[in-house]
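Asks: This is the structure I want to talk about, given as structure tokens.
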Amino acid sequence: MISFNKFYQTIAQNRLSHWLNTLPAQLSYWQKNNLHGEFSHWQKTLDALPDTTPSEVSFTDSVTIGSQSDINQGEFKRLENLLKKFKPWRKGPYHIHGLHIDTEWRSDFKWERLAPHISDLNNRYVLDIGCGSGYHLWRMRGAGAKFVVGVDPTQLFLMQFNAVKHFAQDDNVNLLPLGVEDLPELKAFDTVFAMGVLYHRRSPIDFLYQLKSQLAKGGELVLETLVVDGDVNTVLVPGERYAKMRNVWFLPSCDAMVAWLERCGFKDVKVVNTDVTALDEQRKTEWIDTESLEDFLDPNDPTKTIEGYPAPKRAIFIAHI
């Protein structure tokens, strides 16, 4: 069974020690009451992963752990078979002992877009809200972050993260199966990332306040979200689905998003990047077995979703408190 004891021991000695007032009880309740029906099978797969000694561990330009020469061919095939039991792999890519986990999203593209614009992460405490399987957690660590915490309630992502961590063995990178609404006002992180989450929240303003409450004084927010063209008053509220997703509520214009952040008390708000999601960034691979972006767009007009809305366009915002 996944244990969080080492995480508790670590934060007891750092600036997150006050989180111990609530976190152990939350996660104990989660383990007793909220486990996915497949969790026991995933746990067996996790327990079956081979113990290896990676010849290299690098998170600077990629997430690369070991090389294929560290293991024999039989171990390589076993590794591939086990990790494919955690499909679909959404965010990545990962390179583990020469195995290329070719995820649906090329999350490294997003990192390359935002990295030049954020504050130096060296020695910072970093929180990633809705972190998926944790690809960007490793890149944040590679950029010098001292302590990295991701939160995401999706249990398959937790198992994928722990599969990677099994080989990386870095106790300063952690993922907790929580949503932002489960977090107390920690006011302890130097940088908070929230990428691809805001449009899934039914109350975006409450969400922004929740992000703000995690930041230490002078901290930085890095927010990436779907946007639409328009002025400060433009916000798209889709119908039942947007790009086949049911849980999409608000797509603001960039000007509207800036106004929301400023209304919530953020300062120095900047739009640092906008980018239309391309078919080479989100696509089908042998690691997902599901539909992807190509299936979400109008086959006769790729500038529109299958429902007729503007195709996914994303913007990155930087703000401070």
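The values are calculated or read from the model by the stated rules, or taken from the named source; none is laboratory data. As the structure is a computational prediction, the values presented were derived from the model and not from experiment. In this analysis, Cβ positions are derived from the backbone assuming ideal geometry, glycine residues included, and neighbour counts consider all displayed protein chains. Only protein heavy atoms, including side chains, enter the accessible area calculation; ligands, DNA and RNA are left aside. Shrake-Rupley method; radii C 1.70, N 1.55, O 1.52, S 1.80 Å.
Asks: Against the condition within 30 Å of F189 (Cα to Cα), out of contact with any Cys (no Cβ under 9 Å at 6 or more places or on another chain) and free of Cβ contacts under 8 Å to residues at least 40 places away in the same chain, how does T277 come out, does it pass?
Replies: Judged against the criteria, T277 is a match.
Asks: So F317 ticks every box in (1) in contact with a helix residue (DSSP H, G or I) (Cβ under 8 Å, 6 or more places away or on another chain); (2) under 20 Å from E181 (Cβ atoms); (3) open to solvent by less than 30 Å² (accessible area, probe 1.4 Å) but one. Which box is left unticked?
Replies: Failing condition for F317: (2).
Asks: For N247, only one of the following conditions fails: (1) touching a residue at least 40 places away in the same chain (Cβ under 8 Å); (2) under 19 Å from the mean Cα position of the chain (by Cα); (3) surrounded by 14 or more Cβ atoms within 10 Å (Cβ to Cβ). What is its number?
Replies: With (1) touching a residue at least 40 places away in the same chain (Cβ under 8 Å); (2) under 19 Å from the mean Cα position of the chain (by Cα); (3) surrounded by 14 or more Cβ atoms within 10 Å (Cβ to Cβ) applied to N247, the lone miss is (3).
Asks: From (1) under 30 Å from K87 (Cβ atoms); (2) modelled with pLDDT of 95 or more, pick out the condition that doesn't hold for N300.
Replies: Only one criterion in (1) under 30 Å from K87 (Cβ atoms); (2) modelled with pLDDT of 95 or more is unmet by N300, namely (1).
Asks: Across the stretch 73-104, what is the number of residues that are in contact with a Ser or Thr (Cβ under 6 Å, 6 or more places away or on another chain) and acidic (D, E)?
Replies: Residues flagged as in contact with a Ser or Thr (Cβ under 6 Å, 6 or more places away or on another chain) and acidic (D, E) within the stretch 73-104 amount to 2.
Rundown of residues vs (1) open to solvent by less than 30 Å² (accessible area, probe 1.4 Å); (2) among the β-branched types (V, I, T), yes/no style:
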position	(1), (2)
K187	no, no
T191	yes, yes
G196	yes, no
L215	yes, no
E224	yes, no
A259	no, no
F266	yes, no
T274	no, yes
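Asks: Among the strands (runs of 3 or more DSSP E) lying completely within the stretch 145-264, list those that include at least 3 residues that are under 30 Å from K44 (Cβ atoms), at pLDDT 95 or above and aliphatic (A, V, I, L, M).
Replies: 147-151, 173-176
Asks: Here's a check for you: in the stretch 53-89, which residue that is over 25 Å from Q155 (Cα atoms), in a loop (DSSP other than H, G, I, E, B) and of a type in the set (S, T, Y) is most open to solvent (accessible area, probe 1.4 Å)?
Replies: Out of the qualifying residues, it is T53.
Asks: Further question on the same structure: May I ask you to list the residues in the stretch 130-157 that are open to solvent by less than 20 Å² (accessible area, probe 1.4 Å), among the hydrophobic types (A, V, I, L, M, F, W, C) and more than 19 Å from K217 (Cβ to Cβ)?
Replies: Result: C131, L137, W138, M140, V148, V151.
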